[in-house]
């Protein structure tokens, strides 16, 4: 092992320690995590919300016991692998030890700490973006065809993880055409590598085809419910915050691609960044969609600055360059992670408001950042549903239907009664088991107006069994309705509802 790899090992250990220390015990899992964990119980080559890789990881977590430790381990692992790969990228660019430390510090003390808290596809996505760019760098340096195939495998796995990685290729293709590397399009290996990508992603494409391309419906739903509130100016502001301590490194990296002679052959990365960002701005993408872009430019910037500061006068600035990410991370640590109680956040809203953290997807401001509100109230919901389920199950088979995937997933994760809650929302619409008749229904509703009046007549008994009372939960006010002894065929009503929803797709 190279001597400087011990320093890399310290970075990796620090990464794992920080990831587990960033979340206060007062916070539960995030709503998205519950959905992804439940996918382990419904393995397939695709889902309405994400491609299949997350479900495979969820299956491993389930095999390990479904403990919170393992749920948090995998995103932390992908964050640690990103640090290891940035180290190797700097090596490939002929960077010295200072460049490796500078780049690794920039990755460690960044918004990736927040991103790597949650079991979502994005942690692996950032690693795969960097891996794809690393393979391109290796190909440019060596012109060995094997790196085209490595890039193909990485991109194929990336597509099976999250379709967002396609934007990296949309940026790279015109960038190749704008530089002397356009000759790559005359190489037969490029087309064999493209075929390899198609082979890797074919099962998911087949699943999409057989299910009428639900990804189109999902993107339309996102556009109508979330992206409509996205501001292009807010998108650009957020880019500054992701790697706030390494902004100077990223700027140096982009600039060096234009005028630093050793990087002339890598100039396509400058055009790739510009093109990819323009695409994101045109589509009014969410700000974090672009986060995978930046690690490779931190690598370029770190190498350039290490050579620039490799003078007598520069040795005094090197410690400053490493300290800046750490010092600027401290305020980010205080506001961008759920390490403060909800009560503290609600009483210090100005600290969060000035960074735009209180604005949710609905375009309005709320007491807590949305991600943190999404980590409250789930245990309370599951406990109250459990209690009513036990009572109803004495009189007949009971189905639990929720308004959204977070509620269904949380109930299924925390339940002690073996409940299999479902929803007409997201992937749960495909997970209804209608093989048996249901006598009772528990309905978890976000907007409970008139529910008793509308649904109650179809059952002998109906009542409100409880509400979510946690004042900081996004689900605050959620009502649990209990309907007992059905007078109708519940299965048929559910099937009709499913057919109607899918018919709108």
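When you look at residue 329, is it under 26 Å from residue 23 (Cβ atoms), assigned by TED's automatic domain parsing to the domain that holds residue 263, assigned to a helix (DSSP H, G or I) and within 22 Å of the chain's Cα centre (by Cα), yes or no?
yes
Each row is one residue, and each column tells you yes or no for (1) assigned to a strand (DSSP E or B); (2) closer than 20 Å to residue 432 by Cβ; (3) touching a helix residue (DSSP H, G or I) at 6+ places or on another chain (Cβ under 9 Å).
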site: 447; (1), (2), (3): no, no, no
site: 466; (1), (2), (3): yes, no, yes
site: 470; (1), (2), (3): no, no, yes
site: 480; (1), (2), (3): yes, yes, yes
site: 485; (1), (2), (3): yes, no, no
site: 496; (1), (2), (3): no, yes, no
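Identify all residues within segment 334-350 that are crowded, with 16+ Cβ neighbours inside 10 Å and part of a helix (DSSP H, G or I); write none if there are none.
335, 342, 345, listed by residue number.
Give me the pairs: first residue in segment 233-247 and in the same structural domain as residue 298 (by TED's automatic domain parsing) and more than 23 Å from residue 320 (Cβ to Cβ), second residue modelled with pLDDT under 85 and surrounded by 13 or more Cβ atoms within 10 Å (Cβ to Cβ), beta-carbon distance under 6 Å, and six or more apart or on different chains, which are they?
Partner pairs satisfying both residue conditions: 235/287; 238/287.
Scanning for something in a helix (DSSP H, G or I), modelled with pLDDT of 90 or more and under 26 Å from residue 149 (Cβ atoms), does segment 241-253 turn up at least one residue?
No, because not a single residue in segment 241-253 is in a helix (DSSP H, G or I), modelled with pLDDT of 90 or more and under 26 Å from residue 149 (Cβ atoms).
Pick out the one residue from 103, 63, 111 that is assigned by TED's automatic domain parsing to the domain that holds residue 315, at pLDDT 95 or above and within 30 Å of residue 252 (Cα to Cα).
Exactly one of 103, 63, 111 is assigned by TED's automatic domain parsing to the domain that holds residue 315, at pLDDT 95 or above and within 30 Å of residue 252 (Cα to Cα), namely 103.
Quick check: anything in segment 475-482 under 29 Å from the mean Cα position of the chain (by Cα) and under 20 Å from residue 36 (Cα atoms)?
There is at least one residue in segment 475-482 that is under 29 Å from the mean Cα position of the chain (by Cα) and under 20 Å from residue 36 (Cα atoms).
Which is farther than 26 Å from residue 123 by Cα, crowded, with 21+ Cβ neighbours inside 10 Å and in contact with a helix residue (DSSP H, G or I) (Cβ under 6 Å, 6 or more places away or on another chain), of 268, 257, 309?
Step by step, each of 268, 257, 309 is checked, and only 257 is farther than 26 Å from residue 123 by Cα, crowded, with 21+ Cβ neighbours inside 10 Å and in contact with a helix residue (DSSP H, G or I) (Cβ under 6 Å, 6 or more places away or on another chain).
Residues that are in contact with a helix residue (DSSP H, G or I) (Cβ under 8 Å, 6 or more places away or on another chain) and surrounded by fewer than 19 Cβ atoms within 10 Å (Cβ to Cβ): list the helices (runs of 4 or more DSSP H) wholly contained in segment 1-105 that include at least 1 such residues.
5-21, 53-63, 68-92
Based on what the data block shows, is residue 297 out of contact with any helix residue (DSSP H, G or I) (no Cβ under 8 Å at 6 or more places or on another chain) and either within 22 Å of residue 125 (Cβ to Cβ) or not assigned by TED's automatic domain parsing to the domain that holds residue 85 (or both)?
No: the conditions fail for residue 297.
Here is a list: 132, 206, 112, 118. Which entry is under 28 Å from residue 59 (Cβ atoms), within 27 Å of the chain's Cα centre (by Cα) and surrounded by fewer than 16 Cβ atoms within 10 Å (Cβ to Cβ)?
Criteria check complete, one pass: 206.
The conditions are (1) within 22 Å of the chain's Cα centre (by Cα); (2) free of Cβ contacts under 8 Å to residues at least 12 places away in the same chain, and residue 144 fails exactly one of them. Which is it?
Result: residue 144 passes all but (1).
The values are calculated or read from the model by the stated rules, or taken from the named source; none is laboratory data. The structure presented is a predicted model; accordingly, all values stated were derived computationally and were not measured. Please note: Cβ atoms are built from the backbone with ideal geometry, for glycine as well, and neighbour counts cover all protein chains shown.
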